[in-house]
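Colleague: Would you mind keeping the following structure in view while I ask a few things?
Here, each number is a calculation from the coordinates, and none is a lab measurement. Computed from a prediction, not measured in an experiment: that's the story for all the values here. Reconstructed Cβ throughout: ideal geometry from the backbone, glycine too, with neighbour counts over all protein chains shown.
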Amino acid sequence: MNNVAKKTNSLGFLKHPKDTKVVVAMSGGVDSSTVAGLMKKEGYNVVGITLKLYDDAKSSKKSKQCCAGQDILDAKRVSRQLNIDHKILYYQKRFKKDVIDSFVDSYLVGETPIPCVKCNQTVKFRDLYAYARELNADALVTGHYVNRIQNNGNAEMYRAADLTRDQSYFLFTTTQEQLNFLRFPLGVLHKEETRKIASELNLNVADKPDSQDICFVPNGNYASVINKYKPESFKEGDILDTKGKVIGKHEGIINFTIGQRKGIGISHKEPLYVVNIIAKENKVIVGNREALSIKKIYLKDINLLSDIENHSDGLFIKVRSTGKLIKAKVNLDKTKTEVNLEENEIGISPGQACVFYSKNRFGDKVLGGGWISKTVNNYLST
């Protein structure tokens, strides 16, 4: 009897699922657990891998952080229930170097970092990707909400069907080689469908709350992380208005981010927002909401998945994960890339990402993106 598959399986390989080895990145949450369950149900040869990224003795069942101690236990339980191999990779040192240190350094220069992008770029899609290759896996499968479509021989990335869960913004650093190897089964589902599937698979994490905090930031307290690694960075400085007048004092620039309104500590006739942070001078600039308006930004460290010059008339950007698509013109340059927005956007900060999109018959395609190095508005330049 001929055992060669006559059509591609659900992951796009011309062979039977049982002959297709997949590594599933399992964080212990409902999304990655559901992916593991789907792969097992479809008959794939599944290896679940969980990354231990940091040490947190205080993590518990009530934790809203991902990759905490309880999450690792949940991933092991799901793997036992599904009867799949499960491995734990101890990446604490890599995570500290590539993600936490980068996070701290970014805050110290007045930026607003996005550690989830750095995590995907390094320990997940670089290190875990390499490990999956070493295992001779056919694919690395994750629970990200992003759509992957095979077109003209290469994989393309699109925003997820569930736009409220779409994670394409966090994956803009993905390379074409990585994208060809990756699979995202949840990209065509809505969150409630994922939970329904988890319940049908009798997974004990079906009703587990989603992680909300950055995994190494307890209770969303960024300053506590800076204090842990760089306590000397808490230096008193001046708070100025947009005209340069000193109107108050601060206890460290790391307590502030662009666009922040609460916690400034200054009474004023109208709401004040942080509109600039001058790290070298240890100054925080505040102003009204209009002073946050940005129409031009500059980018560094560009990663492209597609030639954006072919989309000059229909190019869109996102400058925050929950933000809308904004029409813009992008001028690529070897040293810096200039982006001109067709409408003002509030509170863009250096350290954030700017992701490029175009629209076609498949949806909103990710073309690539870069890190915001500088912003320009009517009041000041950072």
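Colleague: Order these by the 10 Å Cβ neighbour count, fewest first: 80, 361, 195. Kindly include the intermediate steps, with their values, before the conclusion.
Modeller: Values: 80 10, 361 4, 195 19.
Fewest-to-most Cβ neighbours within 10 Å comes out as 361, 80, 195.
Colleague: Now for a different question. Relative to the first principal axis of the alpha-carbon coordinates of the chain, what is the inclination of helix 69-82, with its axis defined by its Cα atoms, in degrees from 0 to 90 and to the nearest 10?
Modeller: Taking Cα atoms only, the helix is inclined about 20 degrees.
Colleague: Would you tally the net charge around residue 372, using a Cβ to Cβ cut-off of less than 13 Å, leaving residue 372 out, and scoring K and R as +1, D and E as -1?
Modeller: Numbers: positive: 296, 300, 318, 320, 336, 374; negative: 111, 301, 338, 345.
Neighbourhood net charge equals +2.
Colleague: Could you tell me the ratio Rg/Rh of the chain? Both radii from Cα atoms, Rh via Kirkwood. If you can, show how the numbers build up before the last one.
Modeller: Details: Rg = 22.3 Å, Rh = 22.3 Å.
For the chain, the value is 1.00.
Colleague: I need the per residue convex hull volume for the range 89-136, using only the alpha carbons, in cubic angstrom as a whole number. Could the numbers behind the result be given before it?
Modeller: Details: hull volume 2.6 nm³, N = 48.
Roughly 53 Å³ of hull volume per residue.
Colleague: If you keep only loop residues by DSSP, which GluC sites (Glu not before Pro) in the range 175-275 have at most 14 other Cβ atoms within 10 Å of their Cβ?
Modeller: Working: sites: 177, 192, 193, 200, 232, 236, 251; in loops: 236, 251.
Hits after loop and neighbour filter: 236, 251.
Colleague: Could you give the length gained on full extension between residue 15 and residue 223, defined as 0.36 nm per residue of separation minus the Cα-Cα distance, in nm?
Modeller: Details: separation 208, 0.36 × 208 = 74.88 nm, distance 5.11 nm.
Here the answer is 69.8 nm.
Colleague: Take the chain, connect every pair of alpha-carbon atoms lying under 10 Å apart with a spring to form a Gaussian network, then pick out the residue of 24, 246, 104 with the largest mean-square fluctuation.
Modeller: 246
Colleague: Let me ask something additional. Where nothing but the Cβ of Lys and Arg (+1) and of Asp and Glu (-1) is charged, how large is the charge dipole of the range 292-376 around its Cα centre, in debye to the nearest 20?
Modeller: Details: 14 positive and 10 negative charges, 34 e Å.
It works out to roughly 160 debye.
Colleague: Using the Cα centre as the reference, give the magnitude of the dipole from point charges on the C-beta atoms of the chain (Lys, Arg: +1; Asp, Glu: -1; all else neutral), rounded to the nearest 20 debye. Show your work: numbers first, answer last.
Modeller: Working: 58 positive and 43 negative charges, 105 e Å.
The dipole magnitude comes to about 500 debye.
Colleague: Among 306, 347, 325, whose Cα lies farthest out toward the positive end of the dipole of the range 292-376, if unit charges sit on the beta carbon of Lys, Arg (+1) and Asp, Glu (-1)?
Modeller: Towards the positive end, the residue furthest out is 347.
Colleague: In what sequence do 238, 71 fall when counting other Cβ within 10 Å, fewest first? Walk me through the numbers on the way to the answer.
Modeller: On the way: 238 16, 71 25.
With the sparsest Cβ surroundings first, the list reads 238, 71.
Colleague: Next question. Within the set of other residues whose C-beta is less than 15 Å from the C-beta of residue 236, count the net charge using Lys and Arg as +1 and Asp and Glu as -1. Could you put the intermediate results ahead of the total?
Modeller: Working: positive: 235, 249, 283; negative: 232, 238, 251, 281.
Taking every other residue near residue 236 into account, the sum is -1.
Colleague: By a straight-distance test (C-alpha under 20 Å), which aspartates and glutamates pair with residue 283 as possible cross-link partners, with residues fewer than eight away in the same chain excluded?
Modeller: 105, 111, 232, 236, 238, 241, 251
Colleague: Specify the inter-centroid distance of the range 179-238 and the range 16-47, based on alpha-carbon positions, in whole Å.
Modeller: Centre-to-centre distance over Cα atoms comes out at 20 Å.
Colleague: Now a separate question. What does the net charge come to around residue 22 if you take all other residues with beta carbon closer than 9 Å to its beta carbon, with K and R at +1 and D and E at -1? Intermediate results must be reported in sequence, preceding the final value.
Modeller: Working: positive: 21, 183; negative: 138.
Overall, the nearby charge balance is +1.
Colleague: Given 52/359; 87/235; 15/191, which pairs have Cα atoms separated by over 32 Å?
Modeller: Details: 52/359 37 Å; 87/235 44 Å; 15/191 30 Å.
From 52/359; 87/235; 15/191, over 32 Å: 52/359; 87/235.
Colleague: Using Cβ counts within 10 Å as a stand-in for footprinting exposure, how do 86, 268, 144 rank, fewest first?
Modeller: If I rank by nearby Cβ atoms, fewest first, I get 268, 86, 144.
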